Amino acid sequence: MPTKKTGHPVKKTKKQIAMQRQLTVLGVVVVIFLIIFGAGAIWGKSRASAVKPEKIAEALKGAGQLAAVEYSYTAMPHYSDQNEFYGWSDAASVGTFTISYNGAIKFYSDTSNLTKEKVKIEGKKVTVTIPQVTVGSHEIDESSVSVFDTDDKDFRAISLTDFSGFCADRKEADVNTAAERGVITDAQTKITDLVKLVVGQMGKFDSVEVAFE
C-alpha cells in the first residue's frame, strides 16, 4: 500500500535557511563576476580589433622626429706630415698637430612615410616595422675649428679654405664614434618606447613589438 503524502512542506532549520541564503548570494556574485569579466574581455577585444593598421601607421608618422636623439660632441683628431690640410697654410711647417672642432648629429627613424603594410595586427598583438635609425642631420661648427698650439699650450682658431672637404672626410668617423658610444642604441630605445606608448593608447593590446628594417 503506497505511503500517503501529507501535502505539508518539510520545515527547514535556521541553519539550513542561512546556508541556502549564503549559497544564493555566492551564486549571484559569481554570475555578476562572470558577466563583468566576459563583458570586459569582449570590450577589450572589440576595442583592439577596432583599431586598423592604417590608423596606427598614420598616428606614428610623426613619432620619428619626436623621438630623435641629438648628439653634441667635440672631436680632437691627430695628424702628421700633412703638406696640404684643407687649405690651412701652416700644416706643412707644423708637422704633427691636433685639431679640435665641435659638431652635432641628430639620429632618428624616419617614420614619415610609414604605411599600413608595416603594421601587423594578430588578435591583441601588434608588430610595427619602422626604418633603421639613421642620421637626420650632421653639422660641424666651422668657427670651432682650431689647432693645439704647443707653445701656448692652448687651441687657436684656424681657417680651412676647403671646409666642405674637411667635413666630408670627418663626418663618417664622427658617426662611428657616436655609434660606439651607444647613441644609436639610445635612439632605437627611444623610438621603440614611443611607438609602444602610442599604440598602447589606441587599443587594449597585450603586446606591442617594434622591428627595424
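If the condition is being closer than 30 Å to LYS61 by Cβ, surrounded by 14 or more Cβ atoms within 10 Å (Cβ to Cβ) and β-branched (Val, Ile, Thr), then the stretch 89-118 contributes ILE105, THR111. For the condition in contact with a Pro (Cβ under 7 Å, 6 or more places away or on another chain), hydrophobic (A, V, I, L, M, F, W, C) and in the same structural domain as ALA57 (by TED's automatic domain parsing), VAL119 qualifies. Has the stretch 139-148 got any residue that is modelled with pLDDT of 95 or more, assigned by TED's automatic domain parsing to the domain that holds ALA67 and under 28 Å from the mean Cα position of the chain (by Cα)? Yes, the stretch 139-148 contains at least one residue that is modelled with pLDDT of 95 or more, assigned by TED's automatic domain parsing to the domain that holds ALA67 and under 28 Å from the mean Cα position of the chain (by Cα). Take the conditions surrounded by fewer than 19 Cβ atoms within 10 Å (Cβ to Cβ) and among the aliphatic types (A, V, I, L, M) and apply them to VAL135. Does it pass? Considered against the rule, which asks whether it is surrounded by fewer than 19 Cβ atoms within 10 Å (Cβ to Cβ) and among the aliphatic types (A, V, I, L, M), VAL135 comes out as yes.
Please determine whether any residue of the stretch 190-211 is within 24 Å of ASP90 (Cβ to Cβ) and in contact with a Leu (Cβ under 7 Å, 6 or more places away or on another chain). Scanning the stretch 190-211 turns up no residue that is within 24 Å of ASP90 (Cβ to Cβ) and in contact with a Leu (Cβ under 7 Å, 6 or more places away or on another chain). Identify the residue in the stretch 53-84 that is under 28 Å from PHE155 (Cβ atoms), in contact (Cβ under 8 Å) with a residue 12 or more places away in the chain and among the acidic types (Asp, Glu) and, among all such residues, is surrounded by the fewest Cβ atoms within 10 Å (Cβ to Cβ). The residue in question is ASP81. Residues in the stretch 162-180: is at least one in contact (Cβ under 8 Å) with a residue 40 or more places away in the chain and hydroxyl-bearing (Ser, Thr, Tyr)? So far as the stretch 162-180 goes, yes, one or more of its residues are in contact (Cβ under 8 Å) with a residue 40 or more places away in the chain and hydroxyl-bearing (Ser, Thr, Tyr). Is the stretch 94-102 home to any residue that is within 24 Å of GLY182 (Cβ to Cβ) and out of contact with any Asp or Glu (no Cβ under 6 Å at 6 or more places or on another chain)? The answer is yes, given that some residue of the stretch 94-102 is within 24 Å of GLY182 (Cβ to Cβ) and out of contact with any Asp or Glu (no Cβ under 6 Å at 6 or more places or on another chain). Go through the stretch 129-147 and count every residue that is in contact with a Ser or Thr (Cβ under 9 Å, 6 or more places away or on another chain) and either among the small types (Gly, Ala, Ser) or touching a residue at least 60 places away in the same chain (Cβ under 8 Å) (or both). The qualifying residues number 6. Criterion applied to TYR86, TYR79, TYR71, TYR108 was being out of contact with any strand residue (DSSP E or B) (no Cβ under 8 Å at 6 or more places or on another chain) and either at pLDDT 95 or above or β-branched (Val, Ile, Thr) (or both), and the one residue passing it is TYR86.
Residue count for the stretch 65-114, restricted to those that are of a type in the set (D, E, K, R) and over 30 Å from the mean Cα position of the chain (by Cα): 3.
Tell me, please, whether a residue that is surrounded by fewer than 17 Cβ atoms within 10 Å (Cβ to Cβ), over 18 Å from the mean Cα position of the chain (by Cα), closer than 28 Å to GLN65 by Cβ and of a type in the set (S, T, N, Q) can be found in the stretch 155-163. No: zero hits. For the residues ALA179, ALA187, ALA168, ALA173, the requirement of being part of a helix (DSSP H, G or I) and crowded, with 17+ Cβ neighbours inside 10 Å singles out ALA187.
The values are calculated or read from the model by the stated rules, or taken from the named source; none is laboratory data. Fair warning: this is a prediction, and the values are worked out from it, not measured in the lab. Neighbour counts are summed over all protein chains in view; Cβ atoms, including those assigned to glycine, are modelled from backbone coordinates with ideal geometry.
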